[in-house]
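Presented below is the structure to which this report refers.
The values are calculated or read from the model by the stated rules, or taken from the named source; none is laboratory data. It should be emphasised that the depicted structure is a prediction, and the values quoted were computed from it without experimental measurement. All Cβ positions, even for glycine, are placed from backbone atoms using ideal geometry, and neighbour counts span all protein chains on display.
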Amino acid sequence: MKGNLILTPENVQVFERTIEMLENSIVEMRQVVNNMIPETLIKYGLNATLKDLCEDINNSGKMQINYQSSGIENLFLDQTFALLVYRIAEQRINNILKEATAKNVVLRLVKQETKLTVIVDDDGNGVDTTNFSASASIGWNNIQKQIDFLKGTLDVHSKKEGTLVRIEISV
C-alpha cells in the first residue's frame, strides 16, 4: 500500500509512525491473549504448559520448581478445565513467590482413575492454618473459587517451614 501512495515527506513520517503503532498494538494484543490462555495450553496441553511455567521460573532464578507428572501423558482435558487447573497452579506458585520466601517447590500433577490431583509443596515460611480461611487473601480466594467451580477439594497442611497444598478434582 505504501508503494502505491504518493505522500509528502511529512505524510510519509505520519504513515510510518502509524504502521509502527499498529505493529506494536498487534504485539500487545498477542500478549493479552497469551495471558488469557497460554498458547502452549492450546497447542500442547496442560502438561507442557505447566512444564513451561516451571522452566520460566527456574530460569528467572527466583526459586527452583521441580515439576513431576504421572498418568497425564495421553490425557485429553477440556480447554476450560485445563485452563482452570493451570491458573490454580500458577496462582499458588505466585503466592509462594510473593509470600513464602521459598527456595524450592515441587509441583506434581497426577491422574489416577477419575481424579486429577495437583500438589504444590514448598519449603517457605508456611501459612497459619489455625484460623485459615481460603478467603484470607485474594490469591487463596481465587484458588478456592476455581476449585469450587471444578467441584474439587482443597487441603492445606503447613508447618513453620513449608506448606503442602493438595487439590483433587474429578475428571
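Return the only residue of 109, 83, 75 being more than 16 Å from the chain's Cα centre (by Cα) and touching a residue at least 12 places away in the same chain (Cβ under 8 Å).
Details: 109 fails: more than 16 Å from the chain's Cα centre (by Cα); 83 fails: more than 16 Å from the chain's Cα centre (by Cα).
Within the list 109, 83, 75, the selection yields 75.
Please go through the stretch 61-99 and pick out each residue that is among the charged types (D, E, K, R) and over 17 Å from residue 114 (Cα atoms). Give the steps one after another, and end with the answer.
Kept after step one, since they are among the charged types (D, E, K, R), are these residues of the stretch 61-99: 62, 73, 78, 87, 90, 92, 98-99.
Within the stretch 61-99, 62, 87, 90, 92, 98, 99 meet the criteria.
Can you tell me which residue is modelled with the lowest pLDDT among those in the stretch 59-90 that are in a helix (DSSP H, G or I), among the small types (Gly, Ala, Ser) and in contact with a helix residue (DSSP H, G or I) (Cβ under 7 Å, 6 or more places away or on another chain)?
To start, the set of residues in the stretch 59-90 that are in a helix (DSSP H, G or I) comprises 59-60, 79-90.
Subsequent filtering for residues that are among the small types (Gly, Ala, Ser) retains 60, 82, 89.
Those left that are additionally in contact with a helix residue (DSSP H, G or I) (Cβ under 7 Å, 6 or more places away or on another chain): 82, 89.
Details: 82: 94, 89: 97.
My answer is 82.
Residues are listed down the side, and each one gets a yes or a no for (1) of a type in the set (Ser, Thr, Tyr); (2) surrounded by fewer than 19 Cβ atoms within 10 Å (Cβ to Cβ); (3) more than 15 Å from residue 171 (Cα to Cα); (4) over 13 Å from the mean Cα position of the chain (by Cα):
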| residue | (1), (2), (3), (4) |
| --- | --- |
| 44 | yes, yes, yes, yes |
| 49 | yes, no, yes, no |
| 53 | no, no, yes, no |
| 56 | no, yes, yes, no |
| 71 | no, yes, no, yes |
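Quick check on my filter: what residues within the stretch 86-106 are within 11 Å of the chain's Cα centre (by Cα) and of a type outside the set (S, T, N, Q)? Walk me through how you get there before you give the answer.
Just the residues of the stretch 86-106 that are within 11 Å of the chain's Cα centre (by Cα), to begin with: 86-94.
Matches in the stretch 86-106: 86, 87, 88, 89, 90, 92, 93.
Does residue 96 meet the test of being under 14 Å from residue 50 (Cα atoms), touching a strand residue (DSSP E or B) at 6+ places or on another chain (Cβ under 8 Å) and either surrounded by 16 or more Cβ atoms within 10 Å (Cβ to Cβ) or modelled with pLDDT under 90 (or both)?
no
Which number in (1) surrounded by fewer than 20 Cβ atoms within 10 Å (Cβ to Cβ); (2) more than 23 Å from residue 57 (Cβ to Cβ); (3) under 19 Å from the mean Cα position of the chain (by Cα) marks the one condition that residue 152 misses?
Looking at each condition in turn, residue 152 falls short on (1).
Hey, among the residues in the stretch 23-58 that are among the polar types (S, T, N, Q) and more than 19 Å from residue 108 (Cα to Cα), which one's modelled with the lowest pLDDT? Break it down into steps so the answer makes sense when it comes.
Let us first name the residues in the stretch 23-58 that are among the polar types (S, T, N, Q), namely 24-25, 31, 34-35, 40, 47, 49, 58.
Then drop every residue that is not more than 19 Å from residue 108 (Cα to Cα), which leaves 24-25, 31, 34-35.
On the way: 24: 88, 25: 90, 31: 73, 34: 63, 35: 69.
Of everything passing the filter in the stretch 23-58, 34 is modelled with the lowest pLDDT.
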